[in-house]
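**Q** First the structure, which I've put down as structure tokens, then a few questions once you've had a look.
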Amino acid sequence: MYSSFKNKHLLTTQDWTVEEIKECLQVAARFKQERQLGIYHDQILRAKTFFMLFFEESTRTRNAFEAGIHQLGGHAHYLTPQATQIEHGETAKDTIKVLSRYGEGIGIRKTFGQGFKYMKSIADHSEIPVINMQCETYHPTQALADLMTIKEKFNNNLRGKKFVISWTYAPNYIRPLSMPQSLILLMSRFGMNVILAHPGEFNLRPDILKQAEANAREAGLNFEVVESMEESFRDAHVIYAKSWGPIMHTEDEKAGLKLIDKYTGWVVDQAKMKLASPEAIYMHCMPVDRDIEVASEVLDGLQSVIYDEAENRLHVHKALMALTMA
Ligand code: CP
């Protein structure tokens, strides 16, 4: 059933065709519906192992993969550099050559430094599928769960909808660019006009912006960058507002945090949500800085779909593992 996906890596959604992504989300939707009906999927990956290598912490990604492989009949190993010989300098090649002999799939999270390069070198030597669980550039599994959520909320009718990804103020720490970059790449491929809003210093990588423009052009849709949260929200159908760091502007953490403090007005509240279409939904990948990035009245309000997005990580991860590891 799943043979065309066997051993396929997912480092960025750009690696998968629109048709492949649609098929993956159909499998995820089926898993979701059948779980609600009490149907078990525990024979699909019976006795198979998924390695989860985390260089940084996680709540959703780790637990959605771990619960997911358990529901599919397999088992997850939680690995960190300190729990392996990676800490002592074992190469990506040797690490994955060995793990490929023990299990059927691996996910990696490395959001700072050269995460994507590390994953690529693992993938180049891997005999099992490699899933990007977030690097400094991409977060494909979150973006897929977000797309699944939007499809559900708009009954699969996404053509011409206005999708906004906006920067928010959040002074606690510097977050990577992987989320906004993954969203601007993916959403126009599924029929939406994409607006990216941020203060000047919070720009994304130029090559990713170029690719997002190309995706929109190919789909006959618009991709626009604006410097006003309010302007971006007008008549929007999807408001995805979250923080990221001024990483293209400065790599110095102190200077970055100082820059964030210039934009305390970039927070989401009900007044701003009223600028959007009455049917608009509010999205955030979480973790969220409550009442700093976004008012609790929005996060807990009727337009918020943040817990649906988090739930859909489980179904999408199950689909990815079933498709690539069965
Ligand atoms: N959204 C997300 O990736 O959450 P975690 O960092 O908790 O995995």
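Readers should treat all values here as calculations from the given coordinates under stated rules, not as data from a laboratory. All figures in this text were calculated on a predicted structure; none of them were measured in a lab. Counting neighbours? That spans all protein chains shown, and the Cβs are built from the backbone with ideal geometry, glycine included.
**Q** So what are the ³J(HN,Hα) numbers for region 183-193, from phi and the Karplus equation (6.51, -1.76, 1.60; θ = phi - 60°), rounded to whole Hz, Gly and Pro as x?
**A** Result, ordered by residue: 5, 5, 6, 8, 5, 6, 5, 10, x, 9, 7 Hz.
**Q** Please give the calculated 222 nm ellipticity per residue for the chain, where each DSSP H segment of at least 4 residues contributes -39500 (n - 2.57) and the sum is spread over every residue; nearest 500 deg cm²/dmol?
**A** -12000 deg cm²/dmol
**Q** Moving on to the next point. Calculate the dipole size of the chain relative to its Cα centre from +1 charges on Lys and Arg beta carbons and -1 charges on Asp and Glu beta carbons; express the result in debye to the nearest 20.
**A** It comes to approximately 800 debye.
**Q** As I understand it, the dipole of region 142-309 uses +1 on the Cβ of Lys and Arg and -1 on the Cβ of Asp and Glu, about the Cα centre. Which of Val294, Asn222, Pro246 lies farthest toward its positive end?
**A** Value: Asn222.
**Q** Here is a further query. What is the fewest-to-most order of Leu72, Leu183 by other Cβ atoms lying within 10 Å of their Cβ?
**A** The fewest-first ordering by Cβ neighbours comes to Leu72, Leu183.
**Q** What nm value, rounded to one decimal, do you get for the distance between Asp261 and Glu231 when each label is placed 7 Å out toward the C-beta?
**A** Simple spin-label model gives 2.8 nm for this pair.
**Q** If you don't mind, there's one more thing I want to ask. What lysines does Lys151 reach when the alpha-carbon gap must be under 26 Å and sequence neighbours fewer than 8 apart in one chain are set aside?
**A** Within reach: Lys6, Lys8, Lys22, Lys32, Lys161, Lys162, Lys210, Lys242, Lys272, Lys274, Lys318.
**Q** What is the extension gain from Gln14 to Gln33, computed as 0.36 nm multiplied by their sequence separation minus the C-alpha to C-alpha distance, in nm to one decimal?
**A** Gain on extension, Gln14 to Gln33, equals 4.1 nm.
**Q** May I pose another question? Testing the spin-label approximation: label points 7 Å from Cα along Cα→Cβ at Ser121 and Met286. State their distance in nm.
**A** 3.5
**Q** Another question, then. As an exercise, find the ratio Rg/Rh for region 142-309 from alpha-carbon atoms, using the Kirkwood inverse-distance average for Rh.
**A** 0.94
**Q** 5 Å is the cut-off here: which amide hydrogens, built 1.01 Å from N in the peptide plane, fall below it relative to Ser304, excluding neighbours closer than 5 in sequence?
**A** Tyr282
**Q** Another question, if that's okay. Provide the per-residue ³J(HN,Hα) series for region 226-241, in order, calculated from phi with Karplus coefficients 6.51, -1.76, 1.60 and θ = phi - 60°, each as a whole number of Hz, with x at glycine and proline positions.
**A** Whole-Hz 3J(HN,Hα) from phi for region 226-241: 10, 10, 9, 4, 4, 4, 5, 6, 4, 6, 6, 9, 10, 10, 10, 10.
**Q** With a 10 Å cut-off between alpha carbons and a GNM built on the chain, which of Trp167, Trp244, Trp16 moves the most?
**A** In this elastic network of the chain, the residue with the biggest mean-square fluctuation among Trp167, Trp244, Trp16 is Trp16.
**Q** Give me, ordered by chain and number, the residues 5 or more places off Gly107 or on other chains with an amide H under 5 Å from its own placed amide H.
**A** Answer set, sorted by chain and number: Phe51, Met52, Leu53, Ile131.
**Q** Could you work out how far the C-alpha centroid of region 202-277 sits from that of region 88-142, in angstrom?
**A** When both Cα centres are located, 29 Å separates them.
**Q** Expressed as a whole number of Å, what is the distance separating the alpha-carbon centroids of region 5-49 and region 145-166?
**A** Distance between centres, Cα-based: 19 Å.
**Q** Using the alpha carbons of the chain, what is the convex hull volume per residue in cubic angstrom, as a whole number?
**A** Output value, Cα hull per residue: 128 Å³.
**Q** Return, ordered by residue number, the residues of region 137-156 whose backbone nitrogen is under 16 Å from a label point located 7 Å along Cα→Cβ of Gln211.
**A** 137-144
**Q** Next up: What is the extension gain from Gln114 to Thr250, computed as 0.36 nm multiplied by their sequence separation minus the C-alpha to C-alpha distance, in nm to one decimal?
**A** Contour length minus the Cα-Cα distance gives 47.3 nm.
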